[in-house]
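The values are calculated or read from the model by the stated rules, or taken from the named source; none is laboratory data. Since the structure is predicted, the reported quantities are computational estimates derived from the model, not experimental observations. Cβ coordinates were reconstructed from backbone atoms using ideal geometry, including for glycine residues, and neighbour counts include every protein chain displayed.
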Amino acid sequence: MEVKLKVRAPGGILAVFAAAMLLCALSNAQTGAQKTVAAMPPMGWNSWNHFAGKVTDKDVRAAADALVASGMRDAGYVYVNIDDTWEGTRDTSGVIRTNEKFPDMKSLADYVHSKGLKLGIYSSPGPKTCAGFAGSYGHEEQDAATYAAWGIDYLKYDLCSYREVMDRESRGDKAKANAMMREAYEKMFHAIEKTHRAMVYSLCQYGWDAVWEWGPSVGANSWRTTGDISDSYDRMSVIGFAQAGLEKYATPGNWNDPDMLEVGNGGMTGDEYRTHMTLWAMLAAPLLAGNDLSRMSPETRSILLNRDVIAVDQDAEGAQGTRVWAEGPKEIWTKSLADGGTAVALFNRGESELRINLRAKDVGLRSGFRARNVWAANEIRLDAEQTFQVPRHGVVLLVVH
């Protein structure tokens with residue numbers, strides 16, 4: 001919103017101050033509306049990690065059904081997000097159409113909504129998506145209007161081929177390229193605003209140009225802070241633990257995003273998946289499951305549906321956790337909670353079981369507090385100094401009352 005104010009003498013400083021206050025109020029109102037879309041980190045499912053380019057309408061409907069049947073919807077997983085490869089060609093007017101895998105996107109959205117869920121979609125500010133399908137370059141307002149007409153609730157906007165546009169037009173000027181990137185993301189945000197439909201706006205540009213510093217200014221509700229995740233402990237842990245230091249940029253409505261969950265895809269052990277889920281919750285990260293929901297093992301279900309862990313992620317304070325202690329492969333993270341409590345996570349990044357000593361005063365607590373040992377599912381008394389056995393690549397998560 002652009003507001004032009006004329007200040008005449010006499011009035012001087014008071015008039016200028018009044019004008020500044022009005023501008024501030026207008027800015028805050030716009031920011032407030034933007035933040036309500038994702039007041040808590042978005043939760044749901046994304047098609048890419050399991051189905052990649054093979055995802056179909058049938059797969060998405062099955063995922064919606066499974067979210068309901070498994071209890072995940074009721075636990076907060078409400079977004080059903082279609083990633084790349086849904087796109088067809090544009091008609092003679094430039095309107096984007098779906099391909100044969102998705103014969104009727106409006107019908108699909110209606111089905112998802114009938115389940116008490118929301119539908120997400122994917123595009124790029126470039127001419128092509130990462131998989132080579134039609135991007136939104138030059139069609140931002142058209143595409144946003146189409147998404148709104150279909151009933152879309154979430155847009156993941158992936159930089160992809162826009163990098164080539166930046167390289168070509170900036171001619172090696174990094175500052176110009178970064179400015180172009182910001183403008184491209186802001187352009188789609190304003191296009192979404194014009195539709196008057198609430199959509200979570202998720203930036204995917206791999207953390208370039210310290211996106212956490214400017215993401216909110218272009219309308220983003222979340223922004224990828226890293227390259228892509230994969231279903232391996234090494235990749236997951238590199239991405240997750242590298243979030244230390246970004247906590248000041250996470251606030252309600254604006255979230256650091258270390259990429260989607262791999263829980264249940266088979267490349268990690270149960271302890272490693274519990275570390276994955278715990279770390280993402282401590283980071284107040286979006287929780288977007290990426291597995292085949294129709295074939296979850298009891299262990300996978302128990303990890304994704306652990307309500308104590310979900311509560312840490314979805315805590316109303318919206319704080320991102322902080323690493324408060326590290327020694328070799330051992331790390332302790334804390335996260336403040338809205339009720340005055342604290343979540344404490346003890347991570348073992350080593351190759352064998354290790355003992356981790358927790359001193360209550362080191363994490364800002366007094367002894368004698370009661371704590372929930374989340375993965376062990378029991379209540380304990382937190383002594384002044386206490387030792388925990390933590391499995392290889394595992395975690396102990398305590399919620400201190």
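Of all residues in the range 315-346, how many are without any contact (Cβ under 8 Å) to a residue 40 or more places away in the chain and among the hydroxyl-bearing types (Ser, Thr, Tyr)?
Counting residues in the range 315-346 that are without any contact (Cβ under 8 Å) to a residue 40 or more places away in the chain and among the hydroxyl-bearing types (Ser, Thr, Tyr) gives 2.
Quick one: count up the residues across the range 340-394 that are among the polar types (S, T, N, Q), over 18 Å from Gly321 (Cβ atoms) and at pLDDT 95 or above. Step through it out loud before you land on a result.
Residues of the range 340-394 among the polar types (S, T, N, Q): 342, 348, 352, 357, 367, 373, 378, 386-387, 389.
This time we only want the ones that are over 18 Å from Gly321 (Cβ atoms), so: 352, 357, 367, 378, 386-387, 389.
The next check asks that each one be at pLDDT 95 or above; those that pass are 352, 357, 378, 387, 389.
Count: 5.
Out of the strands (runs of 3 or more DSSP E) lying entirely within the range 238-335, which hold 2 or more residues that are closer than 19 Å to Ala75 by Cβ and assigned by TED's automatic domain parsing to the domain that holds Trp223? Outline the logic, then answer.
Numbers: elements: 255-257, 287-289, 322-327.
In the range 238-335, the matching strands (runs of 3 or more DSSP E) lie at 287-289.
Against the conditions (1) of a type in the set (S, T, N, Q); (2) within 19 Å of Ala64 (Cα to Cα); (3) part of a loop (DSSP other than H, G, I, E, B), where does Ser230 fall short? Just the number, please.
Ser230 satisfies all of (1) of a type in the set (S, T, N, Q); (2) within 19 Å of Ala64 (Cα to Cα); (3) part of a loop (DSSP other than H, G, I, E, B) except (2).
Which members of the range 352-391 meet the condition of being assigned to a loop (DSSP other than H, G, I, E, B) and within 21 Å of His276 (Cα to Cα)?
Ser352, Glu353, Val374, Trp375, Ala376, Ala377, Pro391
Which of the following residues is in a loop (DSSP other than H, G, I, E, B), of a type outside the set (Gly, Ala, Ser) and touching a residue at least 40 places away in the same chain (Cβ under 8 Å): Tyr206, Tyr201?
Numbers: Tyr201 fails: in a loop (DSSP other than H, G, I, E, B).
Checking each option against the conditions leaves just Tyr206.
In this structure, is Arg349 basic (Lys, Arg), in contact (Cβ under 8 Å) with a residue 12 or more places away in the chain and buried (at least 17 other Cβ atoms within 10 Å of the Cβ)?
Working: basic (Lys, Arg): yes; in contact (Cβ under 8 Å) with a residue 12 or more places away in the chain: yes; buried (at least 17 other Cβ atoms within 10 Å of the Cβ): yes.
When the stated conditions are applied, Arg349 passes them.
Only one residue in Glu169, Glu193 is among the acidic types (Asp, Glu) and free of Cβ contacts under 8 Å to residues at least 12 places away in the same chain. Which one?
Values: Glu193 fails: free of Cβ contacts under 8 Å to residues at least 12 places away in the same chain.
Being among the acidic types (Asp, Glu) and free of Cβ contacts under 8 Å to residues at least 12 places away in the same chain holds for just one of Glu169, Glu193, which is Glu169.
Can you pull out every residue in the range 69-106 that is under 22 Å from Ala281 (Cα atoms), part of a helix (DSSP H, G or I) and not small (Gly, Ala, Ser)? Steps first, answer last, please.
Here is the first cut: in the range 69-106, the ones under 22 Å from Ala281 (Cα atoms) are 70-81.
Filter once more, keeping what is part of a helix (DSSP H, G or I): 72-75.
The answer is Met72, Arg73, Asp74.
Only residues that are buried (at least 17 other Cβ atoms within 10 Å of the Cβ), outside any helix (DSSP H, G or I), within 19 Å of the chain's Cα centre (by Cα) and of a type outside the set (Asp, Glu): list them for the range 148-198, please.
Passing the criteria: Ile152, Tyr154, Leu155, Lys156, Tyr157, Leu159, Cys160.
What number of residues within the range 320-343 satisfy the criterion of being in contact with a Phe, Trp or Tyr (Cβ under 8 Å, 6 or more places away or on another chain) and hydroxyl-bearing (Ser, Thr, Tyr)?
Counting residues in the range 320-343 that are in contact with a Phe, Trp or Tyr (Cβ under 8 Å, 6 or more places away or on another chain) and hydroxyl-bearing (Ser, Thr, Tyr) gives 1.
Which residue pairs have Cβ atoms closer than 9 Å, lie 6 or more positions apart in sequence or on different chains, and pair a first residue in the range 93-114 that is in contact (Cβ under 8 Å) with a residue 12 or more places away in the chain and more than 14 Å from Ala63 (Cβ to Cβ) with a second residue that is part of a helix (DSSP H, G or I) and of a type in the set (Val, Ile, Thr)?
Correct list of pairs: Val95/Thr146; Ile96/Thr146; Met105/Thr146.
Check off (1) touching a residue at least 24 places away in the same chain (Cβ under 8 Å); (2) closer than 18 Å to Trp48 by Cβ for Gly132 and give me the number that stays unchecked.
Of the numbered conditions (1) touching a residue at least 24 places away in the same chain (Cβ under 8 Å); (2) closer than 18 Å to Trp48 by Cβ, the odd one out for Gly132 is (1).
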